[in-house]
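A short worksheet on the structure shown next.
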Amino acid sequence: MTAPEFSVIPASWPRDALALRSVRETVFIEEQQIPPEEEWDALDPPSHHLLALDRNGCPIGCARLTPERRIGRMAVLKAWRGKGVGMALLQQAIAEARALGWREVELSAQEYAIGFYERAGFAAYGERYLDAGIPHRMMRMALVLPPDAPLLRPADDPDAEALRATDAATLAAAALRIITDARHGFALHTPDLEPDLFEQPALLEAIRRLAVRGRGTQVRILVQDPEPALRNGHRLLALIQRLPSILLVRQPVEEADRQYAGAFLINDRGGYLQRTVASRPQAHGSTHAPGPCAQLAGYFEQVWNRAQPVQGLHPLQI
């Protein structure tokens, strides 16, 4: 019995980043001339990834499912096109989306590939648009689940409010909503504690009220570079030092974790707010979206377990 020509396996970031990058750099950056800064984004770490491997275990294709419930970064090396690799990746991605309990999955299709996705059951909608100079259309597919299929991710609350931020003011309002909606705590992934955002009086007061609420409360903060906050006396530090068992702060130490470009805030009620580029105010989220929230929480947990406590944050002797 001969070995199959290729296989599709689950992958994760950063463990399989080298293999995923090898395919995407070849197809998107070298072949399609997409700028590298547009190819790599903050969605890679929390996404579910797939790798297609040849019989020797060499990567020949890839895809990802993002917290936004989209299939993306579908790529197959030129020598393997027309051999079923792309469809195998797509079908496995659809199966993963069903397993996550998604009711619908979307993707952004390059125009020449619309027929390929239509054969898998996707339908185009909306206007044609350019992404990295390449014409695209949005496509989506409803996922019909068997009536006895367990939902690994709860369906979104129909009464949930979408959160959108386009500037500093709307970003602060959305972050405040996630914090005030928290029952017992929240998790924050931030580049440097962002004083323009987290030193605002309303946000500081919301964090303080949550922190002193009572037993069972916990706030965890991953800060990539704590030095500016320590040097400049960030106003949140005093509260962290007063309540070190409730407000926990760690710093990522592994290079792949330190290169994360985004920022996000999640609470214990399924709410999330995410920026794919931390230096920009543009953000999206929801007051209750357990699927995306769970994916971000899973990534946060992995990095938290690898991170180290921030040095120089000594508890106040009170």
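Positive contributions from Lys and Arg (+1) and negative ones from Asp and Glu (-1), summed over other residues with Cβ under 14 Å from the Cβ of A229, come out at -3.
With contributions of -39500 (n - 2.57) from each DSSP H run of at least four residues, the per-residue ellipticity at 222 nm computed over the chain stands at -8500 deg cm²/dmol. Report note on the peptides 181-187, 267-273: ranked by the mean count of other C-beta atoms within 10 Å, highest first, their order is 267-273, 181-187.
Apply 1/(1 + (r/R0)^6) to the Cβ-Cβ distance of V253 and V277, taking R0 = 22 Å, and write down the FRET efficiency to the nearest 0.05.
0.45
W80 sits among other residues whose Cβ lies under 15 Å from its own Cβ, and their net charge, with Lys and Arg +1 and Asp and Glu -1, is +2. Neighbours of L171 by Cβ distance under 13 Å: Lys/Arg scored +1, Asp/Glu scored -1, total +1. Selection among T190, A256, Q302 by position relative to the dipole of the chain gives Q302 as farthest towards the positive end (Cβ unit charges, Cα centre).
Highest average first, the peptides 76-82, 33-39, 289-295 ordered by how many other beta carbon atoms sit within 10 Å of their residues are 289-295, 76-82, 33-39. Using the beta-carbon distance between E68 and E30 and R0 = 22 Å, what value does 1/(1 + (r/R0)^6) give for FRET efficiency, to the nearest 0.05? Rounded to the nearest 0.05, the efficiency is 0.25.
Taking square-rooted eigenvalues a ≥ b ≥ c of the alpha carbon gyration tensor, is segment 1-65 rounded, prolate or oblate, where a/c under 1.5 means rounded and, failing that, a/b exceeding b/c means prolate?
Oblate is the answer for segment 1-65, as a/c is 1.5 or above yet b/c matches or exceeds a/b.
Shown here: Cα Rg over 2.2 N^0.38 Å, derived from the displayed model; of the candidates [x] 1.25; [y] 1.08; [z] 1.00, it corresponds to [y]. Measuring nothing but how far apart in sequence close Cα pairs (under 8 Å, 6+ apart) lie, relative to its length, segment 6-142 scores a relative contact order of 20 percent. Sorting the segments 224-230, 188-194 by their residues' average number of neighbouring beta-carbon atoms within 10 angstrom, most packed first, yields 188-194, 224-230. Note: relative contact order over the chain, using C-alpha pairs below 8 Å and six or more positions apart, is 16 percent. In units of the rule-of-thumb radius 2.2 N^0.38 Å, segment 162-309 shows an alpha carbon radius of gyration of 0.95. Label-to-label distance for S108 and D225 is 2.7 nm, based on points extended 7 Å past Cα in the beta-carbon direction.
Read-outs throughout are calculated quantities, based only on the coordinates presented, and are distinct from any laboratory measurement. Everything numeric in this text was worked out from a predicted model, so none of it was measured. Cβ sites come from the backbone with ideal geometry, for glycine too, and all protein chains shown count toward neighbours.
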